[in-house]
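Each remark here refers to the structure printed beneath this line.
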Amino acid sequence: MKEQLEALRAAALKEIADSDDLAALEAARVRFLGKKGEITAILKQMGGLSPEERPVMGQLANTVRAAVEEAIEEEQRKLKDKLKDLKLAAETVDVTMPGKKAAPGHRHPLSIVLDEVKDIFIGMGFSIATGPEIEWDYYNFEALNIPEGHPARDTQDTFYITEKMLLRTQTSPCQIRYMEGHKPPIRMIAPGRVFRSDPVDATHSPLFHQIEGLVVDKDITMADLKGNLLTLAKKLYGEDTEIRLRPHHFPFTEPSCEIDVSCFRCHGKGCSMCKNEGWIEILGAGMVHPKVLERGGIDPEVYSGYAFGLGVERLAMFRFAVDDMRLFYDNDLRFLNQF
C-alpha cells in the first residue's frame, strides 16, 4: 500500500503539473481525489490493515492527499494568473495606432425631402409652426368648415379617441391655431404626422406626413398662390418644371384647385410615371374660405389668404423614383443605404 500511495503521489503531481488549462486540472482532481478517485480507493482499503499498520498508512495517505491538494491549488492559481495575463494582453490598447473610422449615419429619405421643402419656404419668408397630433374635433373639422355629417368625419376614415378627440387627419388644424395666436400678415408652413384609417399598400398608410401652408394678408390672390408653388416645384424638380391648376373642391378653401407638375422624367411627353399624361398631381390648394378666417379671428372683409397641403411621402416617391410607400417604413438597410 505504501508503494501504491507513493506511485499515486508521483503520478498525480506529474499530471497536475502537465495541466494546460483549468479543465484538465479539474479532470486530474477528479481522477485522484474524487469520490471514485484512485487515492480515495486506497483509503477505503485501510480497514483491512492490522492495528499496527493502520496509523502508519493513515498518516502516509493523509500526507499524500495533502500534497496533491496543495499542488492542485498552486497550479490553479498559476493557470488563473496566466489567463488574466492573456486577457490583459488581448485587451491592451495601442494608443499610437490610428483610430477606426466610424461609419456616419445619414438622414432618412423622408427627412431629406422635408428639410428641402422647409428650406425653400423659409427662403420665401415663411415660418415653421407645429400643432398637437391628438386634436380636438373642433380644430380638425368644425373650424375648417367641415360640419357634422360630412363624409370626412366618418369613423371609417378617422381614428377617434373620444367623441370630441381624435388623431388629426391633416395638418390643417395648425392653420386655426396659428391664426388664433398671430395677426396678419401670416406666412407659415406646418409639417407633421397625420393619421387616417387607410389600409396599408403601395400608396396608402395609416400614418404619413403632410406639410400645411398658409398665407394671410391684404390683397392676397390666386396669383400669389401660383407663384409660390411654382417656385417650390422648380426648386424641387428643376427650373424647366411647370405647374397647372385644376378646379377642385375642399371645404376649407374657395375657390379650390389641385396642383399638377410637369413630369420630371419625360418632361411632359408621357411615360409610366405620369401615366402618359405628362402631368403629376402633387398637392391641393385654394383661397382660404371666409368662414375659416372668421374661426381664426381674422376679418375676411379686410384680409384674404391661400392655403395648401402636400404629402411628404408623395414628394419623396417622385423625387427618388420609389414606387412603394412601404419602403420608407420597413427599416430595410439595403433600401435606406441608397440615400
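Counting only DSSP H runs of at least 4 residues, each contributing -39500 (n - 2.57), and dividing by the residue count of the chain, the helix-based mean residue ellipticity at 222 nm comes to -12500 deg cm²/dmol. Taking the chain as the reference, fit the longest principal axis to its C-alpha atoms, fit the long axis of helix 109-123 to the helix C-alpha atoms, and give the angle between the two in degrees, 0 to 90, nearest 10. Helix 109-123 and the main axis of the chain meet at about 40 degrees. Calculated translational diffusion coefficient of the chain (25 °C, 0.890 mPa s; Stokes-Einstein with Kirkwood radius over alpha-carbon pairs) equals 92 µm²/s. Helix 2-17 axis versus longest C-alpha principal axis of the chain: approximately 30°, rounded to the nearest ten. Note on the chain: GNM, Cα springs under 10 Å; of ILE39, ILE128, ILE146, the largest mean-square fluctuation is that of ILE39.
Among the listed pairs LYS118/LYS275; LYS2/LYS84; LYS218/LYS275, give every one whose C-alpha distance is greater than 31 Å. Pairs exceeding the cut-off: LYS2/LYS84; LYS218/LYS275. When each of the peptides 71-82, 251-262, 182-193 is scored by how many other beta carbons lie within 10 Å of its residues on average, the order from highest to lowest is 251-262, 182-193, 71-82.
Footprinting exposure proxy ranking of LEU33, LEU225, fewest other C-beta atoms within 10 angstrom first, gives LEU33, LEU225.
Among residues other than GLU3 with Cβ under 14 Å from its Cβ, the summed charge is -1 (Lys and Arg +1, Asp and Glu -1). Computed from Cα positions, the angle between helix 22-33 and the longest principal axis of the chain comes to roughly 30 degrees. Where does the charge balance sit around HIS248 when Lys and Arg score +1, Asp and Glu -1, over other residues with C-beta under 13 Å from its C-beta? Value of the local net charge: -2. For a straight C-alpha distance cut-off of 19 angstrom, the lysines reachable from LYS36 (same-chain residues fewer than eight places away being disregarded) are LYS44.
Computed packing ranks the peptides 239-250, 107-118, 276-287 as 276-287, 107-118, 239-250, most packed first, by mean other Cβ atoms within 10 Å. Each of MET165, MET222, MET317 has some number of other Cβ atoms within 10 Å of its Cβ, and from fewest to most they run MET165, MET222, MET317. Note on the chain: GNM, Cα springs under 10 Å; of ASP85, ASP201, ASP224, the largest mean-square fluctuation is that of ASP85. Partnerless cysteines in the chain, where a partner means another cysteine C-beta under 4.7 angstrom, comprise CYS174, CYS257.
Coordinate-derived values only; no laboratory data. The model shown is predicted, which means the values in this text are computed figures rather than measured ones. A quick note on method: Cβ atoms are made from the backbone with ideal geometry, for glycine too, and the neighbour counts reach across all protein chains shown.
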